[in-house]
Amino acid sequence: MESITLTGLLKIRVKRGSDLAVRDILTSDPYVVVSLAHQKWKTRVVKNNCNPEWNDERTLSIADPNIPINLTVYDKDMITADDKMGEAEVDIKPYMDVLEKRLENLPTPTPIARIQPSRDNCLAVESSIVWEDGKIYQDMVLGLRNVERGKVEVRLEWIHVPDSSRRLYCCSPPAYPSGPRGLPKACAAVASTSLRGVLAALFRRRVSFAADVASSLPHHHHHRRNRRCSPFAVLQGKTRKGGEKEETENQDR
């Protein structure tokens, strides 16, 4: 199984749509589905609007900058299946190339690169990668494909991961069957292992505390009493001294 380094996290904001196709009688109820490998999320639905303002954002983990992010616009229907309203790809490679330069201390704002529309991307107009207040972002206007018209505006912004030595493994989604609460079984196994470790630590602390208490008790010189009390007996209040006292009281009665 091939392993790859997790390079970091990318925040994508789906800002708005413009001149989207009509899929109902006079308008549409659009929303956007964003997907990258096994990661997927969707924006909220904007009712009766072909120029919607979403301004929804999510964070995606980036392992391979050569894989584009897919956007698909849908029209929400109550009875029939949701209608497609076009799709587009977000090419993040130019943005990742700029990040690799590790630029610092630039004036705010500073345009770093300009990406021109071409057949290899879905840009409708020129896109700029900008440095501003220590952050690098890229605004894009994407022309939707496989539809008569429509554009979607998005913004990319990088979130640095300090521990970049973590590794992921290239697997298809079926390799991660769902476990409890919809988590992948691999994640559930890690959580279970962590819980067992916590419980074991608590148990060791309890035994250590009981041993300290037992060691502070006086020693008996009788051959049967020439032992320290059991740590568990100390915690449960069942020392030999206590047992003998209770037995004496029973005989007096």
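None of the figures in this text is laboratory data; all of them are computed from the coordinates on show. All values reported here derive from a predicted model rather than from experimental measurement. In this analysis, Cβ positions are derived from the backbone assuming ideal geometry, glycine residues included, and neighbour counts consider all displayed protein chains.
Computed from phi, the 3J(HN,Hα) profile of segment 115-123 under the Karplus parametrisation 6.51, -1.76, 1.60 (θ = phi - 60°) reads 10, 8, x, 7, 6, 8, 9, 9, 5 Hz, with x in place of Gly and Pro.
Taking a ≥ b ≥ c as the square roots of the eigenvalues of the alpha-carbon gyration tensor, segment 1-123 is classed prolate because a/c is 1.5 or more and a/b outweighs b/c.
With θ taken as phi - 60° and the Karplus curve 6.51 cos²θ - 1.76 cosθ + 1.60 applied, the whole-hertz 3J(HN,Hα) list for segment 52-67 is x, 10, 9, 6, 9, 9, 9, 10, 10, 7, 10, 10, 9, x, 7, 8 Hz, x standing for glycine and proline.
What net charge is computed for the residues neighbouring ILE79, neighbours being all others with C-beta under 15 Å from the C-beta of ILE79, Lys and Arg scored +1, Asp and Glu -1?
Numbers: positive: ARG23, LYS76; negative: ASP24, ASP29, ASP75, ASP77, ASP82, ASP83.
The answer is -4.
With K and R counted +1 and D and E -1, the other residues having a Cβ less than 9 Å from that of GLN138 yield a net charge of -1. In this structure, the amide hydrogen of ALA124, modeled 1.01 Å from its nitrogen in the peptide plane, lies closer than 5 angstrom to those of VAL141, LEU142, GLY143, counting only residues at least 5 positions away or on a different chain. For segment 98-152, just say rounded, prolate or oblate: build the C-alpha gyration tensor, square-root its eigenvalues into a ≥ b ≥ c, call rounded for a/c under 1.5, and beyond that prolate if a/b exceeds b/c, oblate if not. Judged from the Cα gyration tensor, segment 98-152 comes out prolate (a/c at least 1.5, a/b above b/c).
With a ≥ b ≥ c the root eigenvalues of the C-alpha gyration tensor of segment 56-165, is it rounded (a/c under 1.5), prolate (a/b larger than b/c) or oblate?
prolate
Pairs LYS47/LYS93; LYS11/LYS47; LYS40/LYS76; LYS47/LYS151; LYS15/LYS84: which exceed 29 Å Cα-Cα? Working shown, then result.
Working: LYS47/LYS93 34 Å; LYS11/LYS47 25 Å; LYS40/LYS76 17 Å; LYS47/LYS151 17 Å; LYS15/LYS84 19 Å.
From LYS47/LYS93; LYS11/LYS47; LYS40/LYS76; LYS47/LYS151; LYS15/LYS84, over 29 Å: LYS47/LYS93.
Other residues lying with their Cβ under 11 Å from the Cβ of LYS42 contribute a combined charge of +2, Lys and Arg counting +1, Asp and Glu -1.
Compute the length gained on full extension between GLU104 and ASN51: take 0.36 nm times their separation in residues and subtract their Cα-Cα distance, giving the result in nm to one decimal. It would help to have the intermediate numbers written out before the result.
Working: separation 53, 0.36 × 53 = 19.08 nm, distance 3.73 nm.
Between GLU104 and ASN51, full extension yields an extra 15.4 nm.
Give the separation of the Cα centroids, segment 102-131 to segment 46-66, in Å. Taking the Cα centre of segment 46-66 as reference, the centre of segment 102-131 is 19 Å away.
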